1. Tell me, what is the percent relative contact order of the stretch 75-160, built from C-alpha pairs under 8 Å that lie six or more residues apart?
2. Give me the distance in nm between label points sitting 7 Å out from Cα along the Cα-to-Cβ direction at A134 and L52, one decimal.
3. Multiply the residue gap between I114 and S4 by 0.36 nm, knock off their C-alpha separation, and tell me the result in nm, one decimal place.
4. Got a sec? How would H124, H36 order by Cβ neighbour count within 10 Å, fewest to most?
5. What's the center-to-center distance, using Cα atoms, between the stretch 125-160 and the stretch 2-23 in Å?
6. Would you work out if the stretch 99-160 is rounded, prolate or oblate? Take a ≥ b ≥ c from the square roots of the eigenvalues of the alpha-carbon gyration tensor; rounded if a/c is under 1.5, else prolate when a/b is larger than b/c, oblate otherwise.
7. Give me F105, F135 sorted ascending by neighbouring Cβ count inside 10 Å, so fewest comes first.
8. Just how many % of Cα pairs in the stretch 1-111 lie over 16 Å apart, if you round to the nearest whole percent?
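Each value in this text was obtained by applying a stated rule to the coordinates, not by laboratory testing. The structure presented is a predicted model; accordingly, all values stated were derived computationally and were not measured. Cβ atoms come from the backbone with ideal geometry, glycine included; neighbour counts cover every protein chain shown.
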Amino acid sequence: MTPSSLRTAVRSMALFEVAKGVAALLGLLGLLGLLHHDLHKLALELIGHVGLSPAQRYPALLLDMVDRLNVTPVHTLVLLGGLYAAVRFVEAWGLWRDRAWGEWFGVAASGVYIPLEVQHILRHTSWQAMLVLAFNVALVLVLLARLMQRRAQARERALP
């Protein structure tokens, strides 16, 4: 990849990270807005509204997640959601400002999911899981290519 195309790819990643951070904050705000509601009842109404049975696999998974969410302390949800959003924004800032630490941060933040995604694929192979894995591997490879390009540029500047 050319230096300008790598730079464009990294800036696109920064925008994607901002979008994930904003989505996390909006999801957290939406969740907090439902604090004093019966989430299990709301989930059942949603499942019925779209014409599904609560006994089916995915609606049952949704109900299970809602029940787990109901017993999770609110401060834990706020802490985890806020931390996730902060990580996304810090990474986005570093990538947008063309900082090497932002690229390393991105490699770590995206790379940490790769073993989990491989493990998931080994248990439940699907094209969606393969696509997510391919996307994360591509992100890591682009960031590593940018870091190698940065190193080569530094070596060129150091030559007399």
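1. In percent, rounded to a whole number, it is 26.
2. 2.6
3. 36.9 nm
4. Exposure proxy ranking, most exposed first: H36, H124.
5. 13
6. Here the stretch 99-160 falls in the prolate category.
7. Exposure proxy ranking, most exposed first: F135, F105.
8. 67
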